Amino acid sequence: MQELEKLKLELKKLNAEYAKIKEVPAEKRGEFGRELNAKKADILERMRLAEEAMMDAEVLPLDITAPCAPNESIPETYSVFQGSKHPLMTELDRVVKIYQLMGFDVVESRQLDDEFHMFDSLNFAKEHPARDGYDTFRTEEGLIPPAHTSTMQHRVLKTYRNKLEKGEDIAVVVPGRVYRNEDVNATHEHTFYQCEGVYVSKACTMGDMLGILREFFEKYYEQKLNIRTQPGYFPFTEPSLEFMIEKPKSLGGKKGDYLEMLGCGMIHPNVLKMAGINPEEYHGFAWGGGIDRLVMLRYGLNDMRYFESGNLNFLKEF
């Protein structure tokens, strides 16, 4: 404060000097004025720095965990409770851990992507109606919040294809958040989580894929499970399947009750070509399924809107 007041007084005295300019000989007025302007600019800059220093000194760090403001007393009714991990993150970590134990690498998905990775690299033809099934949002710059974790498939194949040259397989899972233009209700959300799987080798088959998926769900639900498939359609796999498991006993399932859990299939040759992998030499399969549904089934929830609600009463249960 003292430094700033001192500079203000200095500036006041300098401004008085401008009145003397008419007393200076005409040939020296230009130089005299430039000197005054330079001194004024220097004082103003020092004043600006002094004001910023004062503001920094006055601003106290904000503690968002504090029960009250620094100058207030803690309310007598205040009670501290331990926070908890969000159930979606708990289950996502559990899903990833199972795949890691099966030998899969993990690559995180993106929050924003582009038309090429969302559709073109996945064998979606231009103007094909299959694109409508992935109705998502777009930014003004033309970027796309991914509608599925399959947007990472092209990147995974290109990044890991050197493993094939070394005689190794590509085995990667991609967890991430996805977005769709949905009418929100008990079973639909505009924001949810998925986990993608990609596997490529010289000799892998659909039987290998079904074995991996069965192993995953048996580990996840901690019991032996029967599985079933039915034909599906995805532009980036051929053939494409919808994968179902026998409803686990832990969820009240009875013999013959099946739940559809994810979509899967053999990676389309065009997708492999786009990533620089020869489909005549290598084969692959991929799958993708929602994490939110796993959590709903595991905990017997009937409304997926709870996950994004920020309702502390709901979160405290976990």
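Annotations for the structure displayed:
- Once backbone amide H atoms are built at 1.01 Å from N, C204 has H283 as its partners under 5 Å, excluding neighbours fewer than 5 places away on the same chain.
- Greater than 26 Å apart at Cα, pairs in K202/K247; K97/K158; K219/K255; K97/K249; K158/K202; K158/K247: K202/K247; K158/K247
- Alpha-carbon centroids, the range 241-288 and the range 150-203: separation in whole Å: 12
- Per-residue ellipticity at 222 nm computed for the chain from its helices equals -11500 deg cm²/dmol, with DSSP H segments shorter than 4 residues left out and the rest contributing -39,500 (n - 2.57).
- Prolate is the label for the chain, because a/c, from the alpha-carbon gyration tensor with a ≥ b ≥ c as root eigenvalues, is 1.5 or above and a/b exceeds b/c.
- The residue list F32, L49, L4 was ranked by how far each Cα lies along the charge dipole of the range 2-58 toward its positive end, using unit charges on Cβ atoms, and F32 comes out on top.
- Using θ = phi - 60° in the Karplus curve 6.51 cos²θ - 1.76 cosθ + 1.60, the 3J(HN,Hα) couplings for the range 165-175 round to 5, 8, x, 9, 9, 8, 9, 9, 10, 10, x Hz; x is entered for Gly and Pro.
- Note on K22: lysines with a C-alpha under 26 Å away, same-chain residues under 8 apart excluded, are K8, K12, K13, K39, K40.
- Förster-model FRET efficiency, 51 Å R0, N226 and D63, C-beta, rounded to 0.05: 0.40
- Label zone at K40 (point 7 Å along Cα-to-Cβ), backbone N below 18 Å, the range 5-21: 7-21
- With θ taken as phi - 60° and the Karplus curve 6.51 cos²θ - 1.76 cosθ + 1.60 applied, the whole-hertz 3J(HN,Hα) list for the range 32-40 is 4, x, 5, 5, 4, 4, 5, 5, 5 Hz, x standing for glycine and proline.
- Only one residue of M118, V178, F285 has its Cα farthest out toward the positive end of the dipole of the range 87-315, where Lys and Arg carry +1 and Asp and Glu -1 on Cβ, and that residue is F285.
- Backbone phi angles across the range 220-228, fed through the Karplus curve with coefficients 6.51, -1.76 and 1.60 (θ = phi - 60°), yield HN-Hα couplings of 5, 9, 6, 6, 6, 9, 7, 10, 8 Hz in residue order; Gly and Pro are listed as x.
- Rounded, prolate or oblate (a/c below 1.5 giving rounded, otherwise prolate when a/b exceeds b/c) for the range 2-58 by Cα gyration tensor: prolate
- For D114, the residues whose amide H sits under 5 Å from its own are I144, ignoring neighbours fewer than 5 places away on the same chain, with H placed 1.01 Å from N.
- On a per residue basis, the convex hull of the C-alpha atoms belonging to the range 186-256 measures out at 145 Å³.
- Packing-based order for 236-247, 149-160, using average beta carbon neighbours within 10 Å, highest first: 149-160, 236-247
- Straight-distance candidates among the aspartates and glutamates for linking to K224, with alpha-carbon spacing under 15 Å and chain neighbours fewer than 8 residues away dropped: E215, E246, D257.
Read the figures in this text as sums done on the coordinates, not as results from a lab. The model shown is predicted, which means the values in this text are computed figures rather than measured ones. Cβ: placed from backbone, ideal geometry, glycine included. Neighbour counts: every protein chain shown.
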